[in-house]
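Single-structure report; data block below.
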Amino acid sequence: MLQIFLHKKAIAVSGEGLDLYKDYLRGLVEAQPCPPLYELVTMLLHQQDYWAVNFEPEYDGVEVIQAGTIGDVIDGIDYSFKVVERGFFLWKEINNNSF
């Protein structure tokens, strides 16, 4: 499950959409899901002052907890689906202070 926390809002992405993206990254399907997950994440986060993202690919916990960028979120999802499934919790760092 992918959870995105914005100012006063939370969005969850789970189920078949994540499975299709994982299959695409692993080369099991040719067609990329529309819209691609990285575009959705970028669109939701890029203009936000505050955000946090929780990603648990198999609902089995979080192994990485740290401040990060939108690129770190996308790279973390891709790494988890292509290399080693691992969860993470990332937040946008604000003025050198943690969210």
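A short reminder: the numbers here are calculations on the coordinates, not readings from a lab. Because the structure is a prediction, the values reported are computed rather than measured. Please note: Cβ atoms are built from the backbone with ideal geometry, for glycine as well, and neighbour counts cover all protein chains shown.
Taken about its Cα centre, segment 2-92 carries a charge dipole of roughly 320 debye when the Cβ of each Lys and Arg holds +1 and the Cβ of each Asp and Glu holds -1. Approximating the spin labels as points 7 Å out from Cα along Cα→Cβ, the ASP72-to-ILE94 distance works out to 1.6 nm. Principal-axis analysis of the Cα atoms of the chain puts helix 70-82 at an angle of about 30° to the longest axis. Which of the trypsin sites (Lys or Arg not before Pro) found in segment 1-43 are in a DSSP loop and have at most 12 neighbouring Cβ atoms, other than their own, within 10 Å? Loop-located and lightly packed - LYS8, ARG26.
Once Kirkwood radius over Cα pairs in Å is worked out from the coordinates, which option in (i) 20.5; (ii) 13.8; (iii) 16.4 does it equal? Looking at Kirkwood radius over Cα pairs in Å for this model, the match is (ii). For segment 37-87 and segment 1-15, what is the centre-to-centre distance using only Cα atoms, to the nearest Å? Each part reduced to its Cα centre gives a spacing of 11 Å. Taking a point 7 Å from the Cα of GLU16 along the Cα-to-Cβ direction, none of the residues of segment 46-68 has its backbone N closer than 15 Å to it. Once the Cα-Cα distance is subtracted from the 0.36 nm per residue extended length, the VAL64 to ASP23 segment shows a gain of 12.5 nm.
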